[in-house]
Amino acid sequence: MTRVIWTADTEARPVKAPHQIEPAEKRAMRNEAIDMSDRSSGTRDKRHLAVSSAIEDRILAGALKIGDKLPSESAIAQEFSVSTRTVREALQTLETKGLILRRHGERTTVVREDVDEFLGTLAVTVRQRFASDSDYFEQLMTARRMIETEVLGILIDRRSPIPETVTKALDAMRQARDDGDFAGFVDADASFHLALVHSARNSILSLIYDNFAALINEVIQVTSRVPTKSLEAAYAEHEAIYNMIRDFREAAAKELMRAQIDNSAAYLRVAIENSRDRDA
């Protein structure tokens, strides 16, 4: 006789009595038969993608943490009502993505690297490439422009006052300008842009930007030393952006931000050329 268990979502599942449980060999043969049926009907690919997607969601959501062991292949197969072959293909997909690690004779382990750690490694890679290819900093400026203009759209769509962290950074820039404090101005400049990105309250954008913040700070230091650019001019650029955000003028704010970053890229090219001339 078959008993029924009701789950929290009121979905009934039949549970076999002990004498009805299939032997392991018979169950494996049945799974292989199901798998062959999947292959002929063209549904197996969809099944293994559905399984890998479900497990990936659990990993990314933190339900499965780094170091956790996944259930056995047979247990996963039972949960998703698929064959063990389908499970193995799903696990292969997850391993290719770097989310799990499989070792013979051991349970599969979650090994997903934290996004912050991954981006930190990427930042180091960019820094190393710059040592041999100065164009990488210009590419960094392109990525920076994409992030920061998108952030302006998020902030202005929200129609809320400018965050205090942004205002304080601009105030610090003005004070450094008045004092002729170059180092202080550079730090405040970097803080202004960082505060804008954080104000969007988008954790992915913040992670990306945080890991490149040191590189961006170096760009600011280099470009600020170009003789044709004064602290007064640099402050005016940021004040204008601030005013456009305050007045909810998205198109104008984005145009000013793009121009400000493009100017920095141009100053960077000048600085690089000056450096090459000195080394020649």
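The values are calculated or read from the model by the stated rules, or taken from the named source; none is laboratory data. Predicted model, so just to flag it, every value in this text is computed and none were measured. When we count neighbours, we look across all protein chains shown, and the Cβ atoms used for this are built from the backbone with ideal geometry, even at glycine. Just so you know, the surface numbers come from the protein's heavy atoms only, side chains and all, with ligands and any DNA or RNA stripped out. Shrake-Rupley method; radii C 1.70, N 1.55, O 1.52, S 1.80 Å.
Numbers for the structure displayed
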| item | result |
| --- | --- |
| Accessible area in square angstrom per residue, the stretch 52-105, 1.4 angstrom probe | 56 |
| Label-point separation, ALA233 to ALA252 (7 Å along Cα→Cβ), nm | 2.3 |
| Dipole moment magnitude, nearest 20 debye, the stretch 139-214 about Cα centre, only Lys, Arg, Asp, Glu C-beta charged | 320 |
